[in-house]
Amino acid sequence: MAAGARAGGGTDRGCFIAFEGPEGAGKSLQIERLSRRLSECGVPYVTTREPGGTAAAEAIREVILERPELRLDGIAELLLFSASRRMHVEEIIRPALERGDVVLCDRFELSTRVYQGCARGVPAETIRRVTSAATGGLLPDLYVVLDVPVSVGLSRQLERLSDPEQLGLFGLPDRIELEKRRFMERVRTGYLELAARDERIETVDGVGTPDEVERRVGSLVARRFPSRFG
Ligand code: TYD
């Protein structure tokens, strides 16, 4: 059986937790805090992110995220994210799980189901097939979805930007602003709908101070994986 093909988080192999949510949900901060806690307890872990994690995946990341002049439809994005995921799984995630490490990953295939599927309209079955070829069936033991209202995610993103025009919200026609908001609404609804029918996906309220959200995440992982986080 492929590592990660079963739920649980038993102690004979590592435990794979992916963090998800819209931009501005606070994933990277919570991953940093959880990894600090693992270091303090002497639990071996790896933190990684998608798209990225390997040299090939970082190069693909550049094509997808840093070349806005390239036109990519939903299927092209699916294929590129999946190529990046393939190398990430083979070179980083599977070896870490085989060593028995905890893997904390910033985004995984749930992002594809939500962004390319729910938000961009690529059929779920197409995504399922391509993803399964890319990952060999490897799935996280748990997805932690940090849920924030679109307005909160957008204002957190703005706080981080020295030049808010980069976000495409100021100084641009209302239509573009509205499209960005609509897209983010589809992303949020997509996460909530998928979480409602998949027991590997847990939603955590991402509104509040970093400490408050950390406590919520901490009690969730302690409940799901008592041997590592209890
Ligand atoms: P990134 O700069 O990593 O920021 P963050 O994860 O903090 O939002 O952006 C990753 C972007 O790529 C984000 O908009 C979600 C998108 N994405 C997909 O559309 N599909 C995918 O499969 C993945 C992994 C990411």
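The values are calculated or read from the model by the stated rules, or taken from the named source; none is laboratory data. These numbers come from a predicted model, not from an experiment. Here the Cβ is made from the backbone with ideal geometry for all residues, glycine too, and neighbour counts use every protein chain on show.
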- line: Scanning region 12-50 residue by residue, those touching a residue at least 24 places away in the same chain (Cβ under 8 Å) and in a helix (DSSP H, G or I) turn out to be LYS27, SER28, LEU29, GLN30, ILE31, ARG33, LEU34, SER35, ARG37, LEU38
query: How many residues, within region 64-96, are in contact with a Leu (Cβ under 8 Å, 6 or more places away or on another chain) and away from the ligand (no atom under 12 Å from the Cβ)?
result: 3
task: For region 54-70, indicate whether the set of residues that are touching a residue at least 40 places away in the same chain (Cβ under 8 Å) and among the charged types (D, E, K, R) is non-empty.
output: no
message: more than 14 Å from the chain's Cα centre (by Cα) and crowded, with 21+ Cβ neighbours inside 10 Å: which single residue out of LEU104, LEU110, LEU78 fits that description?
response: LEU78
- request: Please go through region 1-45 and pick out each residue that is in contact with a Pro (Cβ under 9 Å, 6 or more places away or on another chain), at pLDDT below 95 and within 16 Å of the ligand (Cβ to nearest atom).
  value: GLY26
Whichever residue in region 132-149 is part of a helix (DSSP H, G or I) and surrounded by fewer than 21 Cβ atoms within 10 Å (Cβ to Cβ) and, among such residues, is farthest from the chain's Cα centre (by Cα): ALA133
field: Pair list, Cβ < 6 Å and 6+ apart or interchain, from region 106-123 residues that are of a type in the set (Phe, Trp, Tyr) to residues that are outside any loop (DSSP other than H, G, I, E, B)
entry: PHE108/ALA18
- request: Identify, by number, the condition in (1) within 24 Å of ARG186 (Cβ to Cβ); (2) modelled with pLDDT under 95; (3) out of contact with any helix residue (DSSP H, G or I) (no Cβ under 8 Å at 6 or more places or on another chain); (4) within 13 Å of the ligand (Cβ to nearest atom) that ARG61 doesn't meet.
  value: (3)
query: Within region 162-169, can one find any residue that is touching a strand residue (DSSP E or B) at 6+ places or on another chain (Cβ under 8 Å) and either acidic (Asp, Glu) or at pLDDT 95 or above (or both)?
result: no
query: Cβ-Cβ below 7 Å, separation at least six or inter-chain, first residue in region 211-230 and surrounded by 12 or more Cβ atoms within 10 Å (Cβ to Cβ), second basic (Lys, Arg): which pairs?
result: GLU214/ARG33
Members of region 108-131 found to be outside any loop (DSSP other than H, G, I, E, B) and among the aliphatic types (A, V, I, L, M), listed by number: LEU110, VAL114, ALA119, ALA124, ILE127, VAL130
message: Can you report the number of residues in region 205-227 which are more than 19 Å from CYS15 (Cα to Cα) and of a type in the set (A, V, I, L, M, F, W, C)?
response: 2
